[in-house]
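Worksheet: the structure to be examined is printed underneath.
The values are calculated or read from the model by the stated rules, or taken from the named source; none is laboratory data. Keep in mind that what you see is a predicted model, and the values were worked out from it rather than measured. Here the Cβ positions follow ideal geometry from the backbone for every residue, glycine too, while neighbour counts run over all protein chains shown.
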Ligand code: BGC
């Protein structure tokens, strides 16, 4: 069952009922200011950090939604919201358009229609809403509109943990009908939030209690029922901004109200314009740019142009509409969102607990380095600056301070290699080798600054210096699978697996890290070659060879790659185990690294995946699922069978299997693996899936789960990046390399022709692939601007060039 449709031309998903299985959200914002907005107007906004600089309040873990920016229409005794929530009066017409960086919710009832168009403009720290009201009757209509949102008390954690303080600190100012939220401004802050309209309101409230009335909430606010705000000024408790407008529209008349919710900052010495009166100049300056419909239109056009530019870098023209829709729009859009937010703020992550993940951010970058290379460069340098002097990593760092955060655990031994992965991807995309010379500190200590190349060297060295008894890398607290905690034994209820003691001297080893080493240390060695570091190249290549041999020896189980060795030296992911006999990760990573391709073991491992791990909705993490809690394996076994890392379908690693299939030339299977988790192909099961049908979720319940096929943790997942890397570089096969663009499609004959347009290092390549004989892989002939080229690498063209390429498969 579906709850809406894709409008590919407008690049929107249009939701046609407010009663979706879960709130279906969109992200607004580009760099500093972000809003989450659901199809019913729920959500919240923050500036840079959802914990410390959150503007509006949201209550997680409540029946949906837990807050939002709501408009109420009071038409006689009838009260309704254009987004249905929170009053939930039935609408005669409803649609929610989630587009690229904007959302427009339209509702109609009783002869009035209201369109709430919301976006975060480029370059200003604010959210703009244009509310368009239209009298659809033949008679004059007088009615009221109330706009209401609740401010957050700044440290969003205090909202749950120390709200007694907030009950006394809340302060606002009202000036010219605008509400300024200045809680804590009297002390150490010089920033505040503001909310205003371009039209002077006929009333306001800033106290939630006054607006809602005792024992009421936003679903039945007393002020709206009464038809009058009371002009309340909040002193502590819960500050809000509610504005009231008394309007009259002629038959057919339309009227716009524009609202700006913004974040403003003053230099500390210019905090006040008079005693106790905040300096409002920055707020007024922001608001002045969104006063008129023409200004709003211009900002929306700029936003559209911004996305046109980004999505013009990689696009495909082909007969499969779903593939086009994903490649041209939703894959890349989700990649940018995950790059911006890592795993911090979603419907499933509160934004208060986690910073930017080290491995997460490195992987997110793989999906959008082609779109925003400048920001990717900056991100690489930020991440590298948190690296520890021994090459290790903080698992997470805080976006505001850009400092590593040990409170959430460390010692994940795969982390450093992801830095190599993303720097190499950046170099393939940009050719900007100068980045390797950038002097970057370790652990943010300026004294320790060393070239980025030295950071990569220590990343690779970190693995080499931590080898276990089988010649495989020590796993530390965990590797990519955060929940496979082989050196941590937790028996204490409620204890965090991420911070529980990581036993020193632990000998648990990871085949996954071994696979990563073979792949990424080899990429590092390629950089050494470029830099003329012959001795180092030799040393690293020898280590890669040894690692490959160890994988083929201790890491091979007979028909697939083992997952690990535990603290006691027993294999994990082996036929010797009673449960968890085979895992997805090493099959994907080892084959992507090229291990076992020559001797048929790669094909055997992928066959085992197909036979043992595959399901209708994707490949599960392992089989059989763990049915009891096992302290020697950790969090993985804490989940009921079929959920999360305990044999759930972890979408992030499914593309690894698809890429691995392309490595052995099985295009049909590669495309099937891609399709099984890909949102556009799952549209018809939206009711089962429950999360947004336009983006990936982190996890889909596996076949052992009672709710097989149900998705969770939508939006912020490493799946976004890997799925796009897979489809763009391996299935469609247009892959950036240091010396040019490789054309190496592997699509299994599903498409007999397609054209990829790719902007790469300043030139535009139009690459038409023809597959007259329906082969699964292999380019038989390549012509570049009419001339035949040996092999399948398109040489670099000068910036500005437009290059026409034809590749014939066969
Ligand atoms: C984490 C990733 C991790 C994955 C698998 C996600 O929640 O953000 O870093 O690789 O789970 O455990």
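One table, with the values for the structure above:
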| read-out | value |
| --- | --- |
| In the stretch 320-344, residue farthest from the ligand (Cβ to nearest atom) [restricted to those that are within 19 Å of residue 383 (Cα to Cα) and not in a helix (DSSP H, G or I)] | 344 |
| Selection count, the stretch 465-478, where residues are assigned to a loop (DSSP other than H, G, I, E, B) and either within 14 Å of the ligand (Cβ to nearest atom) or crowded, with 24+ Cβ neighbours inside 10 Å (or both) | 4 |
| Boolean, residue 371 is in contact (Cβ under 8 Å) with a residue 24 or more places away in the chain, in a helix (DSSP H, G or I), away from the ligand (no atom under 13 Å from the Cβ) and buried (at least 20 other Cβ atoms within 10 Å of the Cβ) | no |
| Number of positions in the stretch 697-714 that are within 16 Å of the ligand (Cβ to nearest atom), in contact with a strand residue (DSSP E or B) (Cβ under 7 Å, 6 or more places away or on another chain) and under 21 Å from residue 334 (Cβ atoms) | 8 |
| Elements of type strands (runs of 3 or more DSSP E) contained in the stretch 69-155, each with 1 or more residues being surrounded by 24 or more Cβ atoms within 10 Å (Cβ to Cβ) | 70-75, 93-98, 102-109, 112-119, 126-135, 141-154 |
| Any hit, the stretch 679-696, residues being within 16 Å of the ligand (Cβ to nearest atom) and farther than 24 Å from residue 7 by Cα | no |
| Selection count, the stretch 635-654, where residues are away from the ligand (no atom under 13 Å from the Cβ) and either in contact with a helix residue (DSSP H, G or I) (Cβ under 6 Å, 6 or more places away or on another chain) or within 18 Å of residue 729 (Cα to Cα) (or both) | 0 |
| Condition check for residue 430: touching a strand residue (DSSP E or B) at 6+ places or on another chain (Cβ under 7 Å), modelled with pLDDT of 95 or more and more than 16 Å from the ligand (Cβ to nearest atom) | no |
| In the stretch 481-517, residue nearest to the ligand (Cβ to nearest atom) [restricted to those that are surrounded by fewer than 24 Cβ atoms within 10 Å (Cβ to Cβ) and closer than 24 Å to residue 722 by Cα] | 482 |
| Criterion violated by residue 359 - all others in (1) assigned to a helix (DSSP H, G or I); (2) within 16 Å of the ligand (Cβ to nearest atom); (3) in contact with a strand residue (DSSP E or B) (Cβ under 6 Å, 6 or more places away or on another chain) satisfied | (3) |
| Qualifying residue in the stretch 528-540 (condition: surrounded by 16 or more Cβ atoms within 10 Å (Cβ to Cβ), under 18 Å from residue 590 (Cα atoms) and away from the ligand (no atom under 14 Å from the Cβ)) | yes |
| Residue match in the stretch 779-795 (condition: crowded, with 17+ Cβ neighbours inside 10 Å, within 32 Å of the chain's Cα centre (by Cα), modelled with pLDDT of 95 or more and outside any strand (DSSP E or B)) | no |
| So residue 590, is it outside any loop (DSSP other than H, G, I, E, B), touching a strand residue (DSSP E or B) at 6+ places or on another chain (Cβ under 9 Å) and modelled with pLDDT of 95 or more | yes |
| Residue in the stretch 3-24 that is touching a residue at least 60 places away in the same chain (Cβ under 8 Å), crowded, with 20+ Cβ neighbours inside 10 Å and under 16 Å from residue 126 (Cβ atoms) present | no |
| Residue pairs meeting the criteria (Cβ under 6 Å; at least 6 apart or on separate chains; first at pLDDT 90 or above, in the stretch 345-363; second part of a helix (DSSP H, G or I) and near the ligand (Cβ under 10 Å from one of its atoms)) | 358/415; 359/415; 359/418; 362/418 |
| Residues of the stretch 613-641 satisfying the condition of being in contact with a strand residue (DSSP E or B) (Cβ under 6 Å, 6 or more places away or on another chain) and surrounded by fewer than 18 Cβ atoms within 10 Å (Cβ to Cβ) | none |
| Failed item in (1) away from the ligand (no atom under 16 Å from the Cβ); (2) buried (at least 20 other Cβ atoms within 10 Å of the Cβ); (3) on the phi > 0 side of the Ramachandran plot, with residue 444 passing the rest | (2) |
| Residue within the stretch 655-678 that is within 18 Å of residue 1 (Cα to Cα), away from the ligand (no atom under 16 Å from the Cβ) and in contact (Cβ under 8 Å) with a residue 12 or more places away in the chain present | yes |
| Test: residue 705 is more than 29 Å from residue 346 (Cα to Cα) and out of contact with any helix residue (DSSP H, G or I) (no Cβ under 9 Å at 6 or more places or on another chain) | no |
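Each row is one residue, and each column tells you yes or no for (1) at pLDDT 95 or above; (2) in contact with a helix residue (DSSP H, G or I) (Cβ under 9 Å, 6 or more places away or on another chain); (3) over 29 Å from residue 352 (Cα atoms); (4) part of a loop (DSSP other than H, G, I, E, B).
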| site | (1), (2), (3), (4) |
| --- | --- |
| 166 | no, yes, no, no |
| 192 | yes, yes, no, no |
| 211 | yes, yes, no, no |
| 224 | yes, yes, yes, no |
| 230 | yes, yes, yes, yes |
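For (1) under 32 Å from the mean Cα position of the chain (by Cα); (2) under 14 Å from residue 417 (Cα atoms); (3) not in a helix (DSSP H, G or I), each residue gets a yes or a no:
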residue: 480; (1), (2), (3): yes, yes, yes
residue: 484; (1), (2), (3): yes, no, yes
residue: 497; (1), (2), (3): yes, no, yes
residue: 502; (1), (2), (3): yes, no, yes
residue: 513; (1), (2), (3): yes, yes, no
residue: 520; (1), (2), (3): yes, yes, no
residue: 525; (1), (2), (3): yes, yes, no
residue: 540; (1), (2), (3): no, yes, no
residue: 545; (1), (2), (3): no, no, no
